[in-house]
């Protein structure tokens, strides 16, 4: 597995979380789910490394991360 940064590493995490919540404000579940999917695809494209993305998928499915 590629080394991923799994410890807190986001500058202004609270601000990003507030922006994320605001982006979902007023959306029905289907639209909220679609926004999440688009965000994942945009970030995956930015990362651009299949090994890193595979490692992230594995990490995201683990119960203790």
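Just so it is clear, none of the values below were taken in a lab; they were calculated from the coordinates. Note that this is a predicted model, so its numbers are computed, not measured. Using ideal geometry, Cβ is built from the backbone for each residue, glycine included, and neighbour counts are taken over all protein chains shown.
Could you list, ordered by first residue, the pairs with Cβ atoms under 7 Å in which the first is in the stretch 29-45 and part of a helix (DSSP H, G or I) and the second is surrounded by 10 or more Cβ atoms within 10 Å (Cβ to Cβ), at least 6 apart or interchain?
Close Cβ pairs satisfying both conditions: 32/24; 35/23; 35/24; 35/27; 44/53.
Quick test of your reading of the structure: residue 56 fulfils all but one of (1) over 13 Å from the mean Cα position of the chain (by Cα); (2) touching a residue at least 40 places away in the same chain (Cβ under 8 Å). Name the failing condition by number.
Going through the list (1) over 13 Å from the mean Cα position of the chain (by Cα); (2) touching a residue at least 40 places away in the same chain (Cβ under 8 Å), residue 56 breaks only (1).
Residue check: is residue 46 at negative phi and loosely packed, with under 10 Cβ neighbours inside 10 Å? Step through it out loud before you land on a result.
Working: at negative phi: yes; loosely packed, with under 10 Cβ neighbours inside 10 Å: yes.
Answer is yes for this residue.
Tally the residues that are exposed (fewer than 12 other Cβ atoms within 10 Å of the Cβ) and in contact with a helix residue (DSSP H, G or I) (Cβ under 8 Å, 6 or more places away or on another chain), restricting the search to the stretch 7-42.
1
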